[in-house]
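Before any comments, here is the structure.
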Amino acid sequence: MNKHEFNLSKARWIHIIPIVFITYSLAYVDRTNFGFAVAGGMAEDLNITSSMSSLLGSIFFLGYFCFQIPGAHYAEKNSAKKLIFWGLILWGLFSSLTGLVSNVELLLVIRFLLGVVESVVLPGLLVLLGHWFTKKERSKANTLLMLANPITILWMSILSGYLIQTLGWREMFFIEGFPSIIWAIVWWMLIKDKPEEAKWLKQEEKISIQLVLEREQAEIKPVPNYWAAFKSRNVLLLAPQYFLWNIGIAGFIMWLPTIIKDLSKSGIGETGLLSSVPYMLSIILMLIISYISDKFQVRKLLVWPCLVIGAITLYFSYALGDTNFLASFVMLTISGGIMFAPIGTFMAIFPEILPRNVSGAAIALVNSMGALGSFAGTYIVGYLNGITGNPGASFLLMAGALIVAAILTMFVKVNSNVRKVEQNETLTGENNI
């Protein structure tokens, strides 16, 4: 271990991770509570058909696709802090305005704009974490950020079901949208873009973080520009991989409440409780996967097996659905839990295959493809449910997409862009003796 690694401040985990976690959690509330509103009376009040519901759910991801790369570029070249600050204010406003809509046309506009604003969040936060945490910490840091997904959906499933049941879907949007605006002030006061700006770090700790990160960058082959990064083998594999992965994830998230409600014949309150169970499992699995990933420095070997298991259990959930709800629900829980498990590890791949000047943009490109996958998954799953009258075809679509995503992951070369800096330095030193 390099001597500087002993000086990596543990205070970073206390000062940075809770802030980015809450920020991403608030973004995820505004992204996913729409599904509960549709199942809880919004469709009837606004005369939303099944096909229109699919479009409303998916148009968010079309907006989400638009500004990923510009957002990552701004975060890396200027300030992730400023980017996320304005994002918090705007997505809180758009989410709250959803509770005021009286027609589908206005709802389409708000959902699209909400996607545009939230498109900068994940690339910006990942760029920020890349300035604070090293290779040996990255999977854990990313996972603690990504835990906002299942944890938020877990409590939001319960809270949204309760709010709709007791107050109504309009009030739910008001109550769940406003905190983002307040949190923007907290974010601005507490977060720093880089360690050298943090007053709570000692000078030697700032130097240690900087030296370790610079050494890691020196071990990666230079990539001159975004275009060179985008056309590299790994990015060309990871982009469609994440597209397909998100077909499964988005279809699962968006339509899980409706599927559970139809299969269990439960009310919206009970549906919210049942919908939270898969995300409880995913929290445990994400922590386990990230620990193994950082400890043994493995990435893709922890990603594709999870996708295969997710696909298989998703299929069996469909196969058992009509005859045994309990068994089907167990399979659905395993599938949802393990589908999320390797996301933090997956995002840790990029800074290890590409240098900092392009890795943020590459993440944004791949995440953009994930947004398109979410758009496709949300729309197609809803469309198939509508025309067939049952979720069978959509379950097969999601399972198939996960299998192909797993196959693409197998062909990624995680260490293909690493150069032997230490070996070269050793040889140079020997030649100088």
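The values are calculated or read from the model by the stated rules, or taken from the named source; none is laboratory data. These numbers were taken from a predicted model, which means no experiment stands behind them. Neighbour counts are summed over all protein chains in view; Cβ atoms, including those assigned to glycine, are modelled from backbone coordinates with ideal geometry. For accessibility, only protein heavy atoms count, side chains too; no ligands or nucleic acids. Shrake-Rupley method; radii C 1.70, N 1.55, O 1.52, S 1.80 Å.
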Spin-label proximity, Val414 to segment 335-361 - amide N less than 16 Å from point 7 Å beyond Cα toward beta carbon = 341-354
Tail weight of P(r) past 29 Å, computed on alpha-carbon pairs of the chain, percent = 44
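For the chain, what is the calculated [θ] at 222 nm in deg cm²/dmol (nearest 500), taking -39500 (n - 2.57) for each run of four or more DSSP H residues and dividing by its residue count?
Only helices count here, giving -25500 deg cm²/dmol.
Run through every distinct alpha carbon pair of segment 122-174 and return the Kirkwood hydrodynamic radius in angstroms, one decimal place.
Evaluated over segment 122-174, this radius sits at 13.1 Å.
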query = In nanometres, what is the gap between the two model label sites at Leu167 and Lys231, each 7 Å from Cα along Cα-to-Cβ?
reply = 5.3
inquiry  = Show log10 I(q)/I(0) for segment 1-92 at q = 0.15, 0.21 Å⁻¹, two decimals, from a solvent-free Debye sum over equal Cα scatterers.
reply    = -0.80, -1.12
key: Inter-probe distance in nm under a simple model that places probes 7 Å from Cα toward Cβ, at Ile185 and Ile387   = 5.1
note = Taking a crude spin-label model, label points 7 Å out from Cα along the C-beta direction, the Thr323 to Gln210 distance in nm is 6.6
query = When the chain is modelled as a GNM with alpha-carbon springs shorter than 10 Å, which of Leu236, Leu108, Leu167 fluctuates the most?
reply = Leu167
query = Near the amide H of Ile220, under 5 Å away, which other amide H atoms are found, from residues 5 or more places off or on another chain, if H is placed in the peptide plane?
reply = Arg419
Solvent-accessible area per residue, Å², over segment 114-215 with all protein chains present [probe radius 1.4 Å] = 39
inquiry  = Report the Cα centroid-to-centroid distance between segment 162-186 and segment 300-315 in angstrom, as an integer.
reply    = 35
task = Subtract the Cα-Cα distance of Ile175 and Met280 from 0.36 nm times their separation in residues, and report this length gain in nm to one decimal.
result = 35.4 nm
inquiry  = Using 5 Å bins from zero, what percent of all Cα-Cα pairs in segment 57-188 falls into each bin?
reply    = 2, 10, 15, 20, 23, 15, 9, 4, 2, 0, 0
Within a Gaussian network of the chain (alpha carbon springs, distance under 10 Å), most fluctuating of Ser374, Ser335, Ser79 = Ser79
Among Ala393, Ala311, Ala376: highest mean-square fluctuation, GNM of the chain, C-alpha pairs under 10 Å = Ala393
Where segment 217-361 is the region considered: accessible area per residue in Å², 1.4 Å probe = 38
task = Give me the angle, in degrees from 0 to 90, between the Cα long axis of helix 304-320 and the longest principal axis of the Cα atoms of the chain, rounded to the nearest 10.
result = 10
ask   = For the Cα atoms of the chain, what angle does the longest principal axis make with the long axis of helix 268-296, in degrees from 0 to 90, nearest 10?
value = 20
Per residue, in Å², the accessible surface of segment 13-68 once ligands and nucleic acids are set aside, probe 1.4 Å = 31
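Taking 25 Å as R0, compute the FRET efficiency from the Cβ-Cβ separation of Glu219 and Ile14 and round it to 0.05.
Result of the calculation: an efficiency of 0.30.
At a 1.4 Å probe radius, carbon and sulfur cover how many percent of the accessible area of the chain? List each step's numbers first, then the result.
Details: 11780 of 17580 Å².
Of all accessible area on the chain, carbon and sulfur atoms account for 67 percent.
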ask   = Against the longest alpha carbon principal axis of the chain, how many degrees, from 0 to 90 and to the nearest 10, is the axis of helix 421-432 turned?
value = 0
query = Given the Cα atoms of segment 145-221, and with Rh set as the inverse mean 1/r over their pairs in the Kirkwood sense, what is Rg to Rh to two decimals?
reply = 1.23
